[in-house]
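Enquirer: Just dropping this structure here.
The values are calculated or read from the model by the stated rules, or taken from the named source; none is laboratory data. Source: prediction; values computed, not measured. Because the Cβ atoms are built from the backbone with ideal geometry, glycine has one as well, and the counts that use them run over all protein chains shown.
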Amino acid sequence: MVEVYYLKLNKLIERHLYYKLLKFVSDNRKKRVKRFLKYEDAILSLMSELLIRYLIISKIKVSNDEIKFYLGEHGKPFIKLIPDFYYNITNTSGLIVCGIDKNPIGVDAEIIRPIDLNVAKIFFSKEEFKVLENANEKQREECFYELWTYKESYLKQIGTGLSKPLNSFSICYDKDEVYLKDKNEFVKGRYFKQINLNESYKIAVCFEENEFNNVLKEVYLKEVYLKDIEKLFLEN
């Protein structure tokens, strides 16, 4: 069953904690984190890996040192250690979201902010752009981000990233159901959900089996690093 967790970063982590936490992530993550020019972006990247490590240690009961990440053909990370364990992480301003399932899963989160809707002419299919045009003017931005997160979540679920153009497939609506059309054919075995956190964000999940725990579970910062983190990460 699909499970979705989120971590809110309402304030920046102090520098001494930042350096302490770096020792718990992979060498590749350390390099990525240190390349960011903005401290807040470095924190989002660091905490993204810490979140999935925390969830694995808490749920599967393996040690932090046993957790090794590998990259798929298009750069999607996965774990060989645990059979039938798939995850996907996304982050946006002040928020990290992680989805877990027994099958490949894709998650995307975006903060809703003003945007030039002409962007949709480039990245959306004709069908999707028509949905956007027909939306109430006051709801167009929200509609844009809903479609965008659905599309991104699908690309993350199949693991291609943007090597598959965003306008090469369509998100379609039928009453309360969401469908996927690729090469003018409906794609079976893909399900979509929007999860409501608050009015500032759109969060979409793409998954393979229609078994979804429609609850967004918050992981608090103190659980990830302020409360017995060394005991959790070093002793399990």
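Enquirer: Among the listed residues 127, 110, identify the single one that is among the charged types (D, E, K, R) and buried (at least 20 other Cβ atoms within 10 Å of the Cβ). Please lay out each step first, then the result.
Expert: Numbers: 127 fails: buried (at least 20 other Cβ atoms within 10 Å of the Cβ).
Of the residues listed, the single one that is among the charged types (D, E, K, R) and buried (at least 20 other Cβ atoms within 10 Å of the Cβ) is 110.
Enquirer: I'd like the full set of residues that are farther than 21 Å from residue 1 by Cα, in contact (Cβ under 8 Å) with a residue 40 or more places away in the chain and aliphatic (A, V, I, L, M), limited to segment 108-161.
Expert: 111, 112, 122, 131
Enquirer: Give me the pairs, please: first residue somewhere in segment 169-182 and more than 16 Å from residue 156 (Cβ to Cβ) and in the same structural domain as residue 148 (by TED's automatic domain parsing), second residue anywhere and of a type in the set (Lys, Arg) and surrounded by 15 or more Cβ atoms within 10 Å (Cβ to Cβ), beta-carbon distance under 7 Å, and either six or more positions apart or on two chains.
Expert: 170/181; 172/181
Enquirer: Would you pick out the residues in segment 72-87 that are modelled with pLDDT of 85 or more and either loosely packed, with under 15 Cβ neighbours inside 10 Å or outside the structural domain of residue 4 (by TED's automatic domain parsing) (or both)?
Expert: 84
Enquirer: Then there is this: Give me a count of the residues in segment 184-221 that are part of a strand (DSSP E or B) and either aromatic (Phe, Trp, Tyr) or buried (at least 16 other Cβ atoms within 10 Å of the Cβ) (or both). Quick ask: steps written out before the conclusion?
Expert: The initial filter retains those residues of segment 184-221 that are part of a strand (DSSP E or B), namely 185-186, 191-195, 201-207, 212-218.
Now restrict to residues that are either aromatic (Phe, Trp, Tyr) or buried (at least 16 other Cβ atoms within 10 Å of the Cβ) (or both): 186, 191-193, 195, 201-207, 212.
Matching residues across segment 184-221 total 13.
Enquirer: Can you tell me which residues in segment 108-154 are outside any helix (DSSP H, G or I) and either within 18 Å of the chain's Cα centre (by Cα) or within 30 Å of residue 52 (Cα to Cα) (or both)?
Expert: Residues of segment 108-154 that are outside any helix (DSSP H, G or I), as a first pass: 108-118, 124-125, 135-136.
The answer is 108, 109, 110, 111, 112, 113.
Enquirer: Still on this structure: Looking at residue 33, is it farther than 17 Å from residue 218 by Cβ, modelled with pLDDT of 95 or more and not assigned by TED's automatic domain parsing to the domain that holds residue 155?
Expert: Spelling it out, residue 33 is indeed farther than 17 Å from residue 218 by Cβ, modelled with pLDDT of 95 or more and not assigned by TED's automatic domain parsing to the domain that holds residue 155.
Enquirer: Within segment 126-171, which residues are under 18 Å from residue 88 (Cβ atoms), in contact with a helix residue (DSSP H, G or I) (Cβ under 8 Å, 6 or more places away or on another chain) and among the aliphatic types (A, V, I, L, M)?
Expert: Result: 155, 162, 166, 171.
Enquirer: Got a sec? Which helices (runs of 4 or more DSSP H) wholly within segment 1-107 have at least 2 residues that are without any contact (Cβ under 8 Å) to a residue 60 or more places away in the chain and within 25 Å of residue 211 (Cβ to Cβ)?
Expert: Working: elements: 15-22, 27-35, 39-60.
By residue number, 39-60.
Enquirer: Within segment 124-155, track down each residue that is farther than 18 Å from residue 197 by Cβ and β-branched (Val, Ile, Thr).
Expert: Answer for segment 124-155, where residues must be farther than 18 Å from residue 197 by Cβ and β-branched (Val, Ile, Thr): just 131.
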